[in-house]
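Chemist: The structure under discussion is supplied below as structure tokens; questions concerning it will follow.
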Amino acid sequence: MPNASAQSADSTRVGPTPPVQTDTAPAPRQSARPPISSKRALLESLAVPGWGQASLHRSTAGGLFAALEVASIAMLVQSKKELAAAKQLARDSVLAPAGSPGYVANTYAAVIPARKQAVEDWTALLIFTHLISGADAFVAAQLWDVPVQVRGQSGAREASITVTVPF
């Protein structure tokens, strides 16, 4: 006679439930070969930081490189606008304070070196991002088949991360 829908199976007959896996380590890769070659990963990430990482299924790293790229471009554009404005305003003369005859130099001329430095800094960060992204993608493709296990544990007062790399 079949059980009614309101009845549940006897827990002593069902047996123990399997333990829940709490490991945060990624599943081992199915293939020993990366989805793209290391040369292609390098070239993709040199062209657009994060592209090579995305092709290698490393979305977090790719997203970080892409976000840094977008932020750097936005700041470079802003810095160039500020430099152009400072150069334009530096050409204007300013009326001397009351009681002094004539005109004085505009104070914007003093900020031009700082604005030029900001443009150079953001340009350097863009170049650095491209190079590091390319190097990261190249190395990730080379180390594709190395099985790395990362485990994290946290307690009330401490946290630990364990990385296992077999040799």
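The values are calculated or read from the model by the stated rules, or taken from the named source; none is laboratory data. Computed from a predicted structure; not experimentally measured. Backbone-built Cβ (ideal geometry, glycine too); neighbour counts: all protein chains shown.
Chemist: Considering every residue within the stretch 85-96, establish whether at least one is of a type in the set (A, V, I, L, M), crowded, with 18+ Cβ neighbours inside 10 Å and not in a loop (DSSP other than H, G, I, E, B). First the steps, then the outcome.
Modeler: Kept after step one, since they are of a type in the set (A, V, I, L, M), are these residues of the stretch 85-96: 85-86, 89-90, 94-96.
Applying the additional criterion that residues be crowded, with 18+ Cβ neighbours inside 10 Å yields 86.
Now restrict to residues that are not in a loop (DSSP other than H, G, I, E, B): 86.
Yes, that holds for at least one residue.
Chemist: Being of a type in the set (F, W, Y) and either part of a helix (DSSP H, G or I) or in contact with a Cys (Cβ under 6 Å, 6 or more places away or on another chain) (or both) is the filter here; which residues of the stretch 105-144 pass it?
Modeler: Y108, W122, F128, F138
Chemist: Return the only residue of T60, T107 being of a type outside the set (D, E), loosely packed, with under 14 Cβ neighbours inside 10 Å, out of contact with any helix residue (DSSP H, G or I) (no Cβ under 7 Å at 6 or more places or on another chain) and more than 29 Å from T164 (Cβ to Cβ).
Modeler: Only one candidate qualifies: T107.
Chemist: Within the stretch 119-129, which residues are over 23 Å from A85 (Cα atoms) and either among the basic types (K, R) or crowded, with 18+ Cβ neighbours inside 10 Å (or both)? Outline the logic, then answer.
Modeler: Going through the stretch 119-129, the residues over 23 Å from A85 (Cα atoms) turn out to be 127-129.
Selection gives T129 alone.
Chemist: Taking into account only those residues within the stretch 132-167 that are over 27 Å from K39 (Cα atoms) and charged (D, E, K, R), which is surrounded by the fewest Cβ atoms within 10 Å (Cβ to Cβ)?
Modeler: R157
Chemist: Just one of (1) under 21 Å from the mean Cα position of the chain (by Cα); (2) of a type in the set (D, E, K, R); (3) more than 30 Å from V77 (Cβ to Cβ) trips up R157, so point out which.
Modeler: Here R157 clears every test but (1).
Chemist: Tell me, which helices (runs of 4 or more DSSP H) wholly within the stretch 1-64 include 3 or more residues that are hydrophobic (A, V, I, L, M, F, W, C), at pLDDT 60 or above and more than 21 Å from V150 (Cβ to Cβ)?
Modeler: 38-47
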